[in-house]
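The values are calculated or read from the model by the stated rules, or taken from the named source; none is laboratory data. No experiment lies behind these values; they were computed from the predicted model shown. Virtual Cβ from ideal backbone geometry, glycine too; neighbours counted across all protein chains shown. Heavy atoms of the whole protein, side chains included, go into the accessibility calculation; ligands, DNA and RNA do not. Shrake-Rupley method; radii C 1.70, N 1.55, O 1.52, S 1.80 Å.
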Amino acid sequence: MTEGRDLQTSRHVLVLGAGVVGCATALTLARRGYRVTLLDRDGPGSGASHGNAGAIAPLAGPQATPGLPLKVPGMLLNPTGPLTIRPTQFVKALPWFLRFILESMPSRAEANSIALYALTGRAAPAWKELARGTPGESLLRDVGWLKVFSSDAGFQGFAKEIAFMARRGAPHDILTEDDIRQMEPNLAPIFKHGVFQPDGLCVRNPRRLVEGLAEAARDLGAEFLREDAKTLTLDPDGMPVLTTDKGEHRPDQIVLSAGAFSKKFARTLGANPLLEAERGYHAMFETPEKSLNRSVYWVENSLVVSPMETGIRMTTQAEFGGLDGPPSFARLERMIPNAKVLLPSLDITVRETWMGRRPSTPDSVPYLCRSPDSDRVFFNFGHQHLGLTMAAISARVLADMMDGRPTEVDETLQAYRALR
Ligand SMILES: Cc1cc2nc3c(=O)[nH]c(=O)nc-3n(C[C@H](O)[C@H](O)[C@H](O)COP(=O)(O)OP(=O)(O)OC[C@H]3O[C@@H](n4cnc5c(N)ncnc54)[C@H](O)[C@@H]3O)c2cc1C
């Protein structure tokens, strides 16, 4: 599978962070003949990539859209609403929130939609190519991505998203009550409208998918180091130096893909990314995966139920609680009855709960670029709610940049730059 480059003479790249983004990058580079070291303080896929909803979703709308900031107070007051902001974090993240408001202006939102869809619109084919021949290949299911609405008002409130899809040329079908019933017979008969994106994929076990990428990279000679990174600097010759709890690494190049933890490392390379840990939660239920054919997003209640090989998973919430604050499962527990309303056959005995940190940017697009201070350090982080979706295509774009080739998203590459 190596493309041209001799493994022995190629340059040595260290990928910091073995989430879905880091593992996708490591495998892509290993296939191109780079000598790859993948470094993480935990096992592959143990961060946000462990417990997400498993949707590879070709979304066209950014998070910040015109009018959204005005809805935030109402969201915060709703005890089962999707959004929580811890007061101390609100103060710390004020620059992020102010930028989010700016990004919700119509012209900014449109530009962000174009930059976002340039990646998400290529996500499914990129995943099929990346996963081919890896242990997780069979976990990808070609079943699309379904949103359902239980009220006319909820569907009407989604008009902006549909308009983004239409302007981007994103394939989508508007569904009636009957269409939904046929696609997902086990959903409660309360859903009046649906939006289906046929080119979405569902992943039956996101953690295993990531582990499979890491395993495939190892089969191509990549080494995996379990170390806790402390600092990332440049030596006087401009070569990158990574220190960890176990020592020092001096590779030829470094890719920073530590998800929500990337900010402190990027700061020493001339960038000051607006990156917040937007925490989300999941609950796993015993109910068999065959109860659903695909991930389903109930828009009014901001919850997703997904069929996993280990049962049904409910994911929810956007919580601005900082990187290190303890998880708070109270809101997740309050939302579980809604999952039962959505899927009446759900056995709501909870087998596992989990919290993960989405690496979120105010403009909804990742940092996918060279670092400002060094052309030997590359950024691949900040994939917000869509890191699983964008991992494979981001890895391919980054590998093209590192190889000095044109990328398939050259028209939007500026949007992913470090200083913006
Ligand atoms: C509830 C929830 C549902 C979601 N659903 C979806 C979905 O359906 N579809 C989708 O596309 N996205 C979804 N996401 C978002 C997606 O999970 C993330 O965008 C994605 O996992 C980010 O991947 P990452 O590799 O950048 O970060 P991570 O997976 O967090 O990986 C970062 C890695 O860096 C390592 N690391 C950090 N600091 C250090 C250090 N100092 N030293 C060594 N290692 C370090 C961590 O251990 C970790 O393994 C969801 C997220 C949540 C929370």
Checklist entry - If only one of LEU256, LEU269, LEU332, LEU292 is at pLDDT below 95, touching a strand residue (DSSP E or B) at 6+ places or on another chain (Cβ under 7 Å) and buried (at least 16 other Cβ atoms within 10 Å of the Cβ), which one is it? => result LEU332
Next on the checklist: Just to be sure I understand, how many residues within the stretch 34-56 are surrounded by fewer than 24 Cβ atoms within 10 Å (Cβ to Cβ) and within 6 Å of the ligand (Cβ to nearest atom)?
Outcome noted: 3
Item to check | Candidate set from the stretch 295-327 (those that are of a type in the set (S, T, N, Q) and within 14 Å of the ligand (Cβ to nearest atom)); member that is surrounded by the most Cβ atoms within 10 Å (Cβ to Cβ) | outcome: SER295
Checklist entry - helices (runs of 4 or more DSSP H) wholly in the stretch 137-234 with at least 1 residues that are touching a helix residue (DSSP H, G or I) at 6+ places or on another chain (Cβ under 6 Å), over 27 Å from ILE114 (Cβ atoms) and of a type outside the set (Asp, Glu) - which ones? => result 206-219
Checklist entry - Of the residues that sit in the stretch 92-136 and are closer than 27 Å to ASP173 by Cβ and in a loop (DSSP other than H, G, I, E, B), which one is least open to solvent (accessible area, probe 1.4 Å)? => result GLY121
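Can you confirm whether ASP199 is more than 27 Å from ASP410 (Cβ to Cβ), modelled with pLDDT of 95 or more and either surrounded by fewer than 16 Cβ atoms within 10 Å (Cβ to Cβ) or not small (Gly, Ala, Ser) (or both)?
no
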Checklist entry - more than 23 Å from TYR367 (Cα to Cα), in contact with a helix residue (DSSP H, G or I) (Cβ under 8 Å, 6 or more places away or on another chain) and surrounded by 18 or more Cβ atoms within 10 Å (Cβ to Cβ): does that describe LEU59? => result no
Checklist entry - Counting just the residues of the stretch 370-420 that are on the phi > 0 side of the Ramachandran plot and touching a residue at least 24 places away in the same chain (Cβ under 8 Å), which one comes out surrounded by the fewest Cβ atoms within 10 Å (Cβ to Cβ)? => result GLN384
